[in-house]
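The structure under discussion appears below in the form of structure tokens.
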Amino acid sequence: MLLLSVALWAQENFTCQEIPDSIWQKMQGKTWVSNPDIQRSDLRYLRVLHWDYDQRPHLGELVCNKLIADKLLKIFQELYRQHYPIQRMRLPDEYDADDERQMRDNNTSCFCYRKIHGSKKLSYHARGLAIDINTLYNPYVRYDKKGRMIVQPTTGKPYADRSANYRYKIKEGDLCHLLFTRYGFTWGGSWRSMKDYQHFEFRHP
């Protein structure tokens, strides 16, 4: 009976729904701004369970594009089943949609209407088609024209060395990488001109 109750509790905490009014209000002027590219009806609100190194289940929440909502639910159900560690999963609105702040907090998130850093091109996050996992320990890394390394978040510089071992590290062939690529996502850690180790995006036409 206890095992059945735990299983039902877990099932009830992997949910997908249209954006509730309370969440929509939180998003205003933060992850959401009026735009011609994506509407409220294109987005979904997910609640999922995840484990951390404290070996306790935690309840996380995400906003994503409806095109990947079912994929994300299946991925996070399997990550949860196998106790894959994710430190926190809060809406970026709790950080006022400040990407640096939430990355420093190792937050996992998906939708935020914004352009690619240093570009006029929309990020896949702006359409809710990209997700960043354990962001502090899996930073974005590139080199400028003078060969200087640029790391985001700035506090993630110690984790730009991917030869080292540390908690929350995503690497090719691990459970996180295998699941996302199996469901059609591309991993930023495999890019050539730059590396975005936290980033998985679904390239929908």
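Each residue in the range 91-110 was checked for being of a type in the set (A, V, I, L, M, F, W, C) and more than 20 Å from ILE170 (Cβ to Cβ), and 2 pass.
Name every residue in the range 72-93 that is touching a residue at least 40 places away in the same chain (Cβ under 8 Å) and farther than 22 Å from THR181 by Cα, in order of residue number. Once the filter is applied, which keeps residues that are touching a residue at least 40 places away in the same chain (Cβ under 8 Å) and farther than 22 Å from THR181 by Cα, the range 72-93 yields LEU91, PRO92, ASP93. Among the conditions (1) in a strand (DSSP E or B); (2) in contact with a helix residue (DSSP H, G or I) (Cβ under 8 Å, 6 or more places away or on another chain), the only one that LYS30 does not satisfy is (1). Considering the range 43-56, the residues that are touching a residue at least 12 places away in the same chain (Cβ under 8 Å) and outside any strand (DSSP E or B) include one that is farthest from the chain's Cα centre (by Cα), namely GLN55. Per this entry, SER190 is not counted among residues that are among the polar types (S, T, N, Q) and free of Cβ contacts under 8 Å to residues at least 12 places away in the same chain. Residues in the range 18-27 that are touching a residue at least 12 places away in the same chain (Cβ under 8 Å) and either farther than 14 Å from PHE111 by Cα or not in a helix (DSSP H, G or I) (or both): GLU18, ILE19, PRO20. Where strands (runs of 3 or more DSSP E) fall entirely within the range 94-205, those with at least 2 residues that are aromatic (Phe, Trp, Tyr) and surrounded by 15 or more Cβ atoms within 10 Å (Cβ to Cβ) are at 185-187, 199-202. Sub-7 Å Cβ pairs linking a first residue in the range 166-187 that is over 17 Å from TYR80 (Cβ atoms) to a second residue that is among the acidic types (Asp, Glu) and at pLDDT 95 or above, at least 6 apart or interchain, are PHE185/GLU201; THR186/GLU201, ordered by first then second residue.
Out of (1) closer than 22 Å to GLY184 by Cα; (2) at pLDDT below 90, what's the single condition that is false for LYS120? So LYS120 meets the others, but not (1). Across the range 57-70, a minimum of one residue is classified as farther than 18 Å from ARG40 by Cα, assigned to a strand (DSSP E or B) and over 17 Å from the mean Cα position of the chain (by Cα).
Which of the residues that make up the range 46-66 are aliphatic (A, V, I, L, M) and touching a Phe, Trp or Tyr at 6+ places or on another chain (Cβ under 7 Å)? Please lay out each step first, then the result.
First, the residues of the range 46-66 that are aliphatic (A, V, I, L, M): 46, 48-49, 59, 62-63.
The answer is VAL48, LEU49, VAL63.
Taking ALA69, is it aliphatic (A, V, I, L, M), surrounded by 16 or more Cβ atoms within 10 Å (Cβ to Cβ) and within 17 Å of GLN17 (Cα to Cα)? It is true that ALA69 is aliphatic (A, V, I, L, M), surrounded by 16 or more Cβ atoms within 10 Å (Cβ to Cβ) and within 17 Å of GLN17 (Cα to Cα). Within the range 156-196, the set of residues being over 16 Å from the mean Cα position of the chain (by Cα) and aliphatic (A, V, I, L, M) comprises ALA160, ALA164, MET194.
Beta carbons closer than 6 Å, at least 6 apart along the sequence or on distinct chains, pair a first residue in the range 112-131 that is under 11 Å from HIS199 (Cβ atoms) with a second that is among the basic types (Lys, Arg) for SER123/ARG114.
The values are calculated or read from the model by the stated rules, or taken from the named source; none is laboratory data. Just so it is clear, the model here is predicted, and its values are computed rather than measured. Cβ coordinates were reconstructed from backbone atoms using ideal geometry, including for glycine residues, and neighbour counts include every protein chain displayed.
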